[in-house]
Structures are given as C-alpha cells and as structure tokens.
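Beneath this line is the structure, given in structure tokens, with notes to follow.
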Amino acid sequence: MGIKNLTDRIYYLPHEAEVDRPMLAYLKGSRFSLAIDAGYSAKHIDDFYDQLEGAGLKKPDFTVITHWHYDHTFGMSRIHGASIAHEKTNLFLKEQQEKALEPSYINRLKKENLCFEREYHGETKLHIVLSDIQFRKELLLDLGGMTAKIYHTEAPHSEDTVCVYVPEEKVLFLGDATSEDFFNNGYMDKSKLRKLVHMIQATDCIYCVLSHTEPLRKEDLLSYLYGLSES
Ligand SMILES: [Zn+2]
C-alpha cells in the first residue's frame, strides 16, 4: 500500500484496518512540510518515511498530533523534525509514559488489543515521548503557499481532539474526532457530536479526512453524522 494524493500538495499513507494503523498525512508546502500524526510505532513511522522517499518527498519538518491514543502517538520518538501537540495530549502522554515504566504495561496492551500485539510483536519496550511544541487553543503554520490551521476542538472521541484545516486546499483533518470515546466504554456524547457537526458545517472544505477510513467528501460525512446525532 503506497502513498496517495488527496490534492496536488497533500499526500497520505492510507490506514490499515487489519492492524488498526491510522492514515498518516503529509502536507507539502514550498518551505516546510507537515505530517499529521506520528503513527502506531517506530515501525509505522519507518514505513511512512520509506514511502515518502519512494515518492521523492523529504522527511517532514513538523509533525502534528490529532490526539493522544497510542495508534497516533507511539511512533513520536522516531519522527524527523519537531512535534506539535495540544497541552492535554501531552498530559495524557505523560500518564502513558509513567505507566510504561512498569515493564508489564506493554504486555497488558498486547493482551487487551490484538492489533497492538501485531504491531508490537516481539517488542518488549515502549518509548513514549511528549511533543517538542505545545499549544492550547490554536496554532497557524505557514508552510509556504499553504497554511495549516491547527486547533483544539470539542469532540466525543477525546478531550484533546485537534483538527488541522488547510484553507488553500479546502481540506479538514479530523483525526478520530467523530468516533465515540473508547476509553469511556464507547460512550457517544451527542452534545459534543452536535458541536463538532456545527464546526464541520462552518468550515469551508471539500474533503474531510478521518484517520481510519479513506478521505470523505464533506457532504457525505455530514449526512452520516446527522444520522448519528439525531438518533
Ligand atoms: Zn483515537
């Protein structure tokens, strides 16, 4: 499975359902490049960078994290350049770091999740790091001819949900924002979902990108979400 183009300047390595690896995106500005999410593991990042190299793209200058869940962050120690995360993401990662001091923690995660077992087969250690750059509300990155508006938003999936909007390409990256909260017994907070739907409606985008599926057109995502928020 190789790198795909969403627009001329936005690339992505598709998600892999069988191992639950999320998609990793790459925004190619004329001055800087930005990756979205740091992957499940160092191996995931190596695979991503191999694919970038194959497509003639340099390693990213920055990597922004959409939320703290391990499939989006545990490859962060391997990235090239500087990482960017919301302050709450770093708080959650700090908790993970402390848990990982206990050598049995990796085995617990493997037992709980078959995908984790596949991703970390034969591995005995986790290397969890916090981001280099931290923000609270939003951050604007001028990549050269392309802007990444990075902002925290309310969402049912996690408290630290971060979206990335690229106005020049009319693309909105949502991470797992629209999903239920797996760490709270799969609870779907309808009021948070409605707020998220409003935010998406108000955003001038053509594509909405979720991490565990192929990119969607805005109207297709919204009609799906209307069904969820009304039910
Ligand atoms: Zn998640």
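The values are calculated or read from the model by the stated rules, or taken from the named source; none is laboratory data. The shown structure was predicted, so the numbers you read here are calculated from the model rather than taken from an experiment. Heads up, the Cβs are rebuilt from the backbone with ideal geometry, glycines too, and the neighbour counts pull from every protein chain shown. Just the protein is used for accessible areas: all its heavy atoms, side chains included, with ligands, DNA and RNA removed. Shrake-Rupley method; radii C 1.70, N 1.55, O 1.52, S 1.80 Å.
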Quiz item: Does ASP176 satisfy the criteria of being within 15 Å of the ligand (Cβ to nearest atom), at pLDDT 95 or above, open to solvent by less than 50 Å² (accessible area, probe 1.4 Å) and touching a Lys or Arg at 6+ places or on another chain (Cβ under 6 Å)?
Solution: no
Practice problem: For residues that are more than 21 Å from PRO22 (Cβ to Cβ) and in contact (Cβ under 8 Å) with a residue 40 or more places away in the chain, tally how many sit in region 187-231. | Solution: 1
Quiz item: Somewhere in region 60-69, is a residue touching a Lys or Arg at 6+ places or on another chain (Cβ under 8 Å), within 19 Å of GLU123 (Cα to Cα) and in contact (Cβ under 8 Å) with a residue 24 or more places away in the chain?
Solution: no
Quiz item: Assuming ARG217 fulfils every condition listed in (1) open to solvent by 30 Å² or more (accessible area, probe 1.4 Å); (2) within 16 Å of the ligand (Cβ to nearest atom); (3) modelled with pLDDT of 95 or more apart from one, which condition is it?
Solution: (2)
Exercise. From (1) open to solvent by 60 Å² or more (accessible area, probe 1.4 Å); (2) in contact with a strand residue (DSSP E or B) (Cβ under 9 Å, 6 or more places away or on another chain), pick out the condition that doesn't hold for GLU154.
Key: (2)
Quiz item: So which residues in region 174-231 are more than 25 Å from THR147 (Cα to Cα), not hydroxyl-bearing (Ser, Thr, Tyr) and not in a helix (DSSP H, G or I)?
Solution: GLU180, ASP181, ASN185, GLY186, MET188, ASP189
Quiz item: Among the numbered criteria (1) open to solvent by less than 70 Å² (accessible area, probe 1.4 Å); (2) within 16 Å of the ligand (Cβ to nearest atom); (3) out of contact with any Pro (no Cβ under 6 Å at 6 or more places or on another chain); (4) modelled with pLDDT of 95 or more, which single criterion is violated by VAL209?
Solution: (3)
Self-check item: Inter-residue pairs, beta-carbon under 6 Å, first within 15 Å of THR7 (Cα to Cα) and in region 24-52, second among the charged types (D, E, K, R), 6+ apart
Solution: LEU24/ASP37; LYS28/ARG9; SER33/ASP61
Exercise. Those residues that are of a type in the set (Gly, Ala, Ser) and either at pLDDT below 95 or under 28 Å from SER30 (Cα atoms) (or both), I need them from region 148-173; list them, please.
Key: ALA148
